[in-house]
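The structure under discussion appears below in the form of structure tokens.
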């Protein structure tokens with residue numbers, strides 16, 4: 001659990017001499033340092049609308065957005081492709097059974 005706590009800067013705080021305990025809610029959530037770092041990079045380097053501009057900062061923002069999307073989708077796509085492969089194999093087997 002300590003490794004996870006280290007990712008959240010706010011959890012390093014102490015209140016009344018005790019470590020901060022955080023229970024998630026639908027109103028807000030803590031951000032890990034990796035997210036804070038990327039948000040800071042966005043706001044200080046290329047704060048611009050993605051997909052809407054033909055100027056350099058917009059293109060950089062779009063590239064960063066697409067890279068984040070690709071990075072986040074890889075595990076999801078890997079699982080989805082494995083599921084699709086199993087489905088297609090089962091379908092092919094069913095079709096063979098129907099044909100015979």
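Descriptive notes on the structure:
Per-residue answers, yes or no, for (1) at pLDDT 85 or above; (2) loosely packed, with under 11 Cβ neighbours inside 10 Å; (3) out of contact with any helix residue (DSSP H, G or I) (no Cβ under 6 Å at 6 or more places or on another chain); (4) farther than 28 Å from residue 10 by Cα:
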| position | (1), (2), (3), (4) |
| --- | --- |
| 30 | yes, no, no, no |
| 36 | yes, no, yes, no |
| 53 | yes, no, yes, yes |
| 80 | no, no, yes, yes |
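- If you go through the range 1-28 and keep only what is under 20 Å from residue 72 (Cα atoms) and surrounded by 11 or more Cβ atoms within 10 Å (Cβ to Cβ), you end up with 7, 8.
- Some residue of the range 13-28 being under 25 Å from residue 64 (Cβ atoms) and within 19 Å of the chain's Cα centre (by Cα): yes
The values are calculated or read from the model by the stated rules, or taken from the named source; none is laboratory data. None of these values were measured; they are calculated from a predicted model. Heads up, the Cβs are rebuilt from the backbone with ideal geometry, glycines too, and the neighbour counts pull from every protein chain shown.
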